[in-house]
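Report on the structure given below.
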Amino acid sequence: MKVSVFAGAAQPAEVPGFARWAEDAGFDAVTSSEVDHDPFLPLALAAQATSRVGLATGIAVAFARTPMAMAYVANDLQALSRGRLVLGLGTQTKPHITRRFGMPWGKPATQMREYLTALRAIWDDWNTGRQLQHQGEYYRHTLMTATFRPAPHAHGSPPVHLAAVGPLMTRLAGEAADGLIPHGFSTERYFREVTVPALEEGLERAGRDRSEVTVHCPGFVQVIGPQDDVEQQRQVLRARIAFYGSTPAYRGVLALHGWEELHERLHALSVRPEADRWDRMADLVDDEVVDAFCVSGRLGEVAAELVRRFGGLVDQVHLQPPAGTPEQELRAALALLHGAGTAEAPDPPAAP
């Protein structure tokens, strides 16, 4: 398994140092997400500070930008990083697209399929000289003149990994993407019984091999440091599960486990006006639910449990070691997940 680490929590000025640490420590990728910051600026900073570690959006919101806007920024980052970018894309939900980003919303899987087609048509124009001519239901790109065409570079277009929860988007990832990013709101059972079969169906439809798609680890992963309060950290997980579990789009994950009533109670609370509703929602999530959705514990425990749950099924996992994690502990966890490691390997530095 490859191992990624998230740099987006750092302030922009801290990203270069963090990225250098991640590269020296032996991580395979540094990721940035679209939450409270733009996902691309941290990767630009990381690209200039490193030379080997991969750089990935995990994820950027596709429908917040046109394919043309996305193509330009991804192309620039691919050139800047000398071919180290992985463009992770997701749809977000309708309220965020229409009310936060002010963009139109269609049928997500259909729109995303066309988005990927348009994105690659644009890159083909730039990199191969094939004239841009994409006309679809959601996007129309038929104009590209020399003034606005980036010069080809040696690194080509970046691989595109697609975030998915339900079977439709997962099948699309199997058919048309270079990677699958299961949502954090997922369980081992849901992954095995719903996600993997849908991915295999998409691969079969497209005549592709499983090796052509990088599959990321599902679920929430929480590494608890020696100074952390365990119950306080579990409460963080309860709140996260409650937030997603209240959303109708994710109801199917709970339903697979027979937890439909939990969804109904969470959703009913989420639309109430009381200021303490989010705390009350978290209290509805019991230990059985937490353990189904999350891998949580000390770093070594987390690494071993990830291998137990998903070994042989996924290609990449995500770890976030607490500040000050001992070098030997980090080294052992990375070696276990990588499935290799020698006594002569240099020790990574302590987590910043």
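The values are calculated or read from the model by the stated rules, or taken from the named source; none is laboratory data. Computed from a prediction, not measured in an experiment: that's the story for all the values here. In this analysis, Cβ positions are derived from the backbone assuming ideal geometry, glycine residues included, and neighbour counts consider all displayed protein chains. Side chains included, ligands, DNA and RNA excluded: accessible areas come from the protein's heavy atoms. Shrake-Rupley method; radii C 1.70, N 1.55, O 1.52, S 1.80 Å.
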Residues being crowded, with 22+ Cβ neighbours inside 10 Å and not in a loop (DSSP other than H, G, I, E, B) - total across segment 210-225
3
Residues in segment 50-58: is at least one touching a strand residue (DSSP E or B) at 6+ places or on another chain (Cβ under 9 Å), under 24 Å from residue 184 (Cα atoms) and open to solvent by 20 Å² or more (accessible area, probe 1.4 Å)?
yes
Could you run through segment 294-303 and say how many residues are buried (at least 18 other Cβ atoms within 10 Å of the Cβ) and either touching a helix residue (DSSP H, G or I) at 6+ places or on another chain (Cβ under 7 Å) or free of Cβ contacts under 8 Å to residues at least 12 places away in the same chain (or both)?
5
Under 7 Å between Cβ atoms, which residue pairs at least 6 apart in sequence (or on different chains) link something in segment 243-257 that is open to solvent by 40 Å² or more (accessible area, probe 1.4 Å) with a partner that is part of a helix (DSSP H, G or I) and among the aliphatic types (A, V, I, L, M)?
256/194; 257/292
The lone condition residue 291 fails out of (1) out of contact with any Cys (no Cβ under 7 Å at 6 or more places or on another chain); (2) surrounded by 20 or more Cβ atoms within 10 Å (Cβ to Cβ); (3) modelled with pLDDT of 95 or more is (2)
Subset of segment 120-168 that is assigned to a helix (DSSP H, G or I) and touching a strand residue (DSSP E or B) at 6+ places or on another chain (Cβ under 7 Å) - its residue that is surrounded by the most Cβ atoms within 10 Å (Cβ to Cβ):
122
Would you confirm whether or not segment 226-242 contains a residue that is open to solvent by 50 Å² or more (accessible area, probe 1.4 Å) and basic (Lys, Arg)?
yes
Within segment 80-91, restricting to residues that are open to solvent by less than 40 Å² (accessible area, probe 1.4 Å) and of a type in the set (A, V, I, L, M), the one that is farthest from the chain's Cα centre (by Cα) is 85
Looking only at segment 311-332, and only at residues there that are in contact (Cβ under 8 Å) with a residue 60 or more places away in the chain and more than 19 Å from the chain's Cα centre (by Cα), the one that is most open to solvent (accessible area, probe 1.4 Å):
323
Within segment 264-288, how many residues turn out to be open to solvent by less than 20 Å² (accessible area, probe 1.4 Å) and touching a residue at least 40 places away in the same chain (Cβ under 8 Å)?
3
Name every residue in segment 175-189 that is touching a strand residue (DSSP E or B) at 6+ places or on another chain (Cβ under 7 Å) and not in a loop (DSSP other than H, G, I, E, B), in order of residue number.
179, 180, 181, 182
Just to be sure, is residue 308 open to solvent by 40 Å² or more (accessible area, probe 1.4 Å), free of Cβ contacts under 8 Å to residues at least 60 places away in the same chain and either on the phi > 0 side of the Ramachandran plot or more than 25 Å from the chain's Cα centre (by Cα) (or both)?
no
As an exercise: evaluate residue 67 against (1) closer than 20 Å to residue 134 by Cα; (2) open to solvent by 30 Å² or more (accessible area, probe 1.4 Å) and give the number of the one condition it does not meet.
(2)
Kindly indicate the residue of segment 92-119 that is among the β-branched types (Val, Ile, Thr) and out of contact with any Phe, Trp or Tyr (no Cβ under 6 Å at 6 or more places or on another chain) and also least open to solvent (accessible area, probe 1.4 Å) among those meeting that condition.
93
